[in-house]
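Notes to accompany the following structure.
The values are calculated or read from the model by the stated rules, or taken from the named source; none is laboratory data. Just so we're clear, the structure is a prediction, and the values are computed from it rather than from any experiment. Using ideal geometry, Cβ is built from the backbone for each residue, glycine included, and neighbour counts are taken over all protein chains shown. Note: areas computed on protein heavy atoms with side chains; ligands, DNA, RNA excluded. Shrake-Rupley method; radii C 1.70, N 1.55, O 1.52, S 1.80 Å.
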Amino acid sequence: MSTLTIAIVIVFCIGYLCIALESLTRVNKAAIALLMCVCCWTLLMVGPAPYYPAVADGDVIHHIAEVIEHHLGDAAGTLFFLMGAMTIVEIVDSNGGFNFVRDTMKTRSKRKLMWRMVFMTFFLSAILDNLTTSIVMIMVLRKLVQSRGDRIIYAALVVIAANSGGAFSPIGDVTTIMLWIKGVITTQGVITEIFIPSLVSMLVPAFILQYQLKGKFDKEQNLPKAEVSQFTKAQRDTIFWLGVGGLCFVPIFKTITHLPPFMGILLVLGVLWTVTEIFHYNTAEDDTMAKRVSDLLSKIDLSTIMFFLGILMAVAVLQEVGVLAMLGSTLDETFQGNHYLVTGIIGVLSSIVDNVPLVAGCMGMYPVEAAGDLAIDGIFWQLLAYCAGVGGSMLIIGSAAGVVVMGLEKITFGWYMKKITWVAFAGYIAGIFVYWLERTFILA
């Protein structure tokens, strides 16, 4: 490993430590992520030649500019998807669309609400994706739970349930989408083999955390009725099904058109915006949907967006200098033939750095074989789908769902690590054990 590579890794680790200690430093994590990103790319620009031996010396700087634009394009697609999904959910929420979900989950028992919430999140994330589902459920929780102490426990369970639900569906998580498109897992294979381990990885933490939720909600404060003017129940239900149904349609739109997912999100946003404009056609000028959507756009948490951008671009540097590929090779050599350990460690790492480049590195490192653990729907690929998805629940910044929930509910890194990390890890290990039982005694 060169001196420059070591310097890049040190800068990343220092930045990551500052993000983890945000509650102590009082410096916004987005600011640290952006500084970390720029410093890492600046260091790469200082001595890029060894990393790009096939590029002529005079063209290296131009090549790195193209590399940055490539990674920025990938990050921008994720960010536009996130902003579009957040706006859609805000539109549905501001017009009473989630009253339907709220009424379905309504109960005064804290534990009953928890179980209804985790199961709805688990299955909804398999249909939509873990990121969008987390946004939807947090909006619903804000209507159901007024106590912040209780709500952050529910929010942590939303992260766990969303990541677990996304792991067993080919469209539920960005990493499973990558593996599915690559052809190393099939729809039938990942659903039939990973469903039960994913369910267990959600049930174990939920069972443990239910003991922190005791008693009933206060009758006066719980489940307040949303103040919704202008819209009838039929219009509110229309907005809900257009929003949620549109989000379900995004993977289908991508399959049909082969356009990036954020284009589907923009389509749904445009349709929903148009319909709500029609609903507001006869309202006063100062109550038009144009003004409302403008207000909603201004309320989007840009610090979360900037944090996401900084993290994705900083990890891209580690990918460019070969640190992630080298890490994967080291794991493979250290634990030869034991794919349970290799993928298990990759899952733990995915809670620290972004799971997308980790999975991408694994796909480049391991060839698809005709038979064995590396065959299509083999043990390695199935476990990689599970571990990369569920492993992100162990830290609040280990998944897209966690980052969004962290921003929406202002959950600190330290609180999550102290209260939730060990619980999520217990579910993670339990799921791997269940998969081992499946492979050893049922599918053998």
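Some points to look at:
- Contour excess over end-to-end distance, with Cα ends at ASP103 and THR232 and 0.36 nm allotted per residue: 44.9 nm
- Relative contact order for the stretch 134-281, counting Cα pairs under 8 Å that sit 6 or more residues apart, in percent: 19
- Above-threshold pairs, the threshold being 27 Å between Cα atoms, out of LYS216/LYS419; LYS106/LYS214; LYS233/LYS254; LYS143/LYS216: LYS233/LYS254
- To the nearest ten degrees, helix 261-279 and the longest principal axis of the Cα atoms of the chain are 10 degrees apart.
- Estimated at 0.36 nm per residue, the fully extended path between PHE195 and ALA430 surpasses their Cα-Cα distance by 83.3 nm.
- Using the Cβ-Cβ distance between GLN336 and ILE127 with R0 set to 45 Å, the FRET efficiency works out to roughly 0.70.
- Heavy-atom surface of the stretch 116-201, accessible at 1.4 Å and reported per residue (Å²): 27
- Total charge dipole magnitude, the chain, about the Cα centre, Cβ charges on Lys, Arg, Asp, Glu only, Debye to nearest 20: 2160
- Cα pair distances in the stretch 79-137, grouped into 5 Å bins until the bin that holds the longest one, percent each: 4, 18, 24, 25, 18, 8, 2, 1
- Remark: the stretch 305-321, residue by residue, has Karplus-estimated 3J(HN,Hα) of 4, 5, 4, 4, 4, x, 5, 4, 6, 5, 5, 4, 5, 4, 5, 5, 7 Hz, where x stands for each Gly or Pro and the curve is 6.51 cos²θ - 1.76 cosθ + 1.60 at θ = phi - 60°.
- Over the chain, relative contact order from alpha-carbon pairs under 8 Å, at least 6 apart, %: 24
- Only helices enter this figure: runs of n ≥ 4 DSSP H residues, each worth -39500 (n - 2.57), summed and divided by the residues of the chain, yield -23500 deg cm²/dmol at 222 nm to the nearest 500.
- With a cut-off of 20 Å on the backbone N, the residues of the stretch 186-218 near the modelled label site 7 Å out from LEU437 along Cα-Cβ are 190-209.
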